[in-house]
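What follows is calculated from the coordinates using simple rules that are stated; it is not laboratory data. The shown structure was predicted, so the numbers you read here are calculated from the model rather than taken from an experiment. Every residue, glycine among them, receives a Cβ derived from its backbone with ideal geometry; neighbour counts consider all protein chains shown.
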Amino acid sequence: MPYIPTVAIIGQPNVGKSTLFNRIVGKQIAITDDMPGVTRDRNYALSEWTGHPFMLVDTGGLVPDPEGAIELAIKEQALIAFEEADVIIFLVDGRAPINREVEDISHLFHKTEKPFLLVANKMDGEKHEYDMYEYVKLGFGEPFPISAAHGRNVGDLLDEVVARFPAQHTTATDIADNSIKLAVVGRPNVGKSSIVNAILGYDKTIVTPVAGTTRDSIDSKFKRNGQEFTIIDTAGMRKKSRVLQASGVEYFSNVRTIKSIHQSDVVLCLLNAEEGVVQQDHKILSYVRENYKNLILVVNKWDLVEKDHRSMNIFRKNIREKLNFVDYAPIIFTSARTKRRVFNVIDKAVEVYQESQRRIPTAELNKVVEQAIAYQPPPSVGRRFCKFYYTTQVRVAPPTFVFFVSRPDLIQESYKRYLYNQLRRAFRFEGVPLKLIFRGKTPPK
């Protein structure tokens, strides 16, 4: 799979780590879906600069215990970042004098072989840069001056960061890898490792009743009916409040899970049949939906539920009501312990992947759109009307449809949902998110 580097921002509190994080992520990621539950307050996010994707991590999320040793907490987050990150941004307040916390962190940088940049923040103009030269005493040379709040020199900083990424070599394995990438995600102790072990037929990962046993994202290869798969058993995604209070290992486990989702072709999101849908399931799936990932909902531990002939339909209805923003995802009830329907999940993943690669002929697509518009024309805004010219599919995975119209600004969200539902009804795309784009076009003469 393509390797996505990790960039960590390290520094003492109140030097602008979150401001820099938001500046970089805000310029690179545009959330266009106005859907419920989309989490926008993460401390890690996939970003991109000059065609180079990377996972950005704000270690400021690891708040030291106010009753504990601040020095130890800072040291822990720095050590974990050194282990996980490919490039580190050592951020300091260029206007403030060097203090003991900065010196403690700098000692760790003297010992690491990881590439890093000493960056002086709050340099709003050249006149402020004289203050930052005190940091030359740390022994890392001249700091790189930026203003995260105003964006000054942030682009130049990202150029330097990207230049320090590890060389990405395309190997024969990468070329020959036609496997379908499956990310197994869910909250802790929902049975992810047990499902993986049931599929593989042996204990690839440690399985215990303790939530959070799996700390790393582990790749495993297998083949079924001639199709190769790469399955990733990810650490459970915890609530953000718990992650902030957890150790650095827990924090970066969430980062690895996010990276696994981005690298996957199909996400298998496990739900606990004993507990039903909870808020954390909603947040995990919001992230999957926000990033247009193919999805299957897997209800595990179904063997532990007291049930009758109506139970499955009742549970399915409950899922659809609570997770209506992923109503396109198929639902499969399984038991990792008994292996019941476990391989149905894999067979369905193949179907979903193939659906995501499907292209709709332009003539067939426009026929459906024209019928939808004829049945329910777009509402006018005052005396202004939006005219639809034609529609085309511009890409797959996710299937992306561009509507060429006279006035994109006049199309209301409710009408976008109507067209989305019409496309879904006509072409189904089970398990596959659809992306709709409305683009202005000069009317033909």
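Tell me, 4, 314 in order of fewest to most beta-carbon neighbours within 10 Å?
Least to most surrounded, the residues fall as 314, 4.
Run the numbers for residue 381 and residue 127: contour at 0.36 nm per residue of separation, minus the present Cα-Cα distance, in nm. Intermediate results must be reported in sequence, preceding the final value.
Details: separation 254, 0.36 × 254 = 91.44 nm, distance 5.14 nm.
This chain segment gains 86.3 nm when fully extended.
What share of all Cα pairs of the range 283-352, in percent, falls into each consecutive 5 Å distance bin?
3, 15, 24, 24, 22, 10, 3, 0
In terms of modelled amide H atoms, which long-range or inter-chain residues lie less than 5 Å from the amide H of residue 390?
Here the answer is 404, since their amide H atoms fall under 5 Å of that of residue 390.
Can you give the extra length, in nm with one decimal, that the chain gains between residue 400 and residue 279 once fully stretched, where that is 0.36 nm per residue apart less the Cα-Cα distance?
So the extension gain works out to 40.6 nm.
In what order do 269, 386 fall by count of nearby beta-carbon atoms within 10 Å, going from fewest to most? Write down the numbers at each step before the final one.
On the way: 269 25, 386 21.
The order, fewest Cβ neighbours first, is 386, 269.
With just the Cα atoms defining each centre, how far is the range 84-103 from the range 117-158? Give it in Å.
Between the Cα centre of the range 84-103 and that of the range 117-158, the gap is 11 Å.
Ranking 389, 130 by Cβ neighbours within 10 Å, fewest first, what do you get?
Exposure proxy ranking, most exposed first: 130, 389.
For residue 294, enumerate residues with amide H under 5 Å from its amide H, sequence gap 5+ or separate chain, H modeled in the peptide plane.
For residue 294, whose amide H was placed from the backbone, the distant partners under 5 Å are 267.
Express the relative contact order of the range 362-440 as a whole percentage, based on alpha carbon pairs under 8 Å and six or more residues apart in sequence.
That works out to 33 percent.
Under 8 Å for C-alpha pairs, at least 6 residues apart: give me the relative contact order for the range 290-423, rounded to a whole percent. Don't skip to the answer; put the middle values down first.
Details: 135 pairs, mean separation 29.3, N = 134.
Relative contact order of the range 290-423: 22 percent.
Once label points are set 7 Å from the Cα along Cα→Cβ at both residue 428 and residue 160, what is their separation, rounded to one decimal in nm?
Distance between label points: 5.5 nm.
At a Förster distance of 41 Å, what's the computed FRET efficiency of residue 307 paired with residue 224, Cβ-Cβ distance as r, to 0.05?
The calculated FRET efficiency here is 0.90.
Summing Lys, Arg as +1 and Asp, Glu as -1, what charge do residues with Cβ under 13 Å from the Cβ of residue 295 carry, residue 295 excluded? Walk me through the numbers on the way to the answer.
Details: positive: 289, 293, 348; negative: 265, 281, 290, 327, 351, 355, 430.
Result for the neighbourhood of residue 295: -4.
Which length gain, in nm to one decimal place, applies between residue 439 and residue 344 when the Cα-Cα distance is subtracted from 0.36 nm times their residue separation?
30.2 nm
Net charge within 11 Å of residue 384 by Cβ-Cβ distance, Lys/Arg positive one each and Asp/Glu negative one each, not counting residue 384 itself?
+2
Output ³J(HN,Hα) for the range 296-311: one whole-Hz value per residue in order, computed from phi by the Karplus curve 6.51 cos²θ - 1.76 cosθ + 1.60 with θ = phi - 60°, and x for Gly and Pro.
Ordered by residue, 3J(HN,Hα) equals 10, 8, 10, 8, 8, 6, 5, 5, 8, 9, 6, 8, 10, 5, 9, 4 Hz.
Tabulate in residue order the Karplus-calculated ³J(HN,Hα) for the range 410-422, using 6.51 cos²θ - 1.76 cosθ + 1.60 with θ = phi - 60°, rounded to whole Hz; enter x for Gly and Pro.
Working through the residues one at a time gives 8, 7, 7, 4, 5, 6, 4, 5, 4, 5, 4, 5, 5 Hz.
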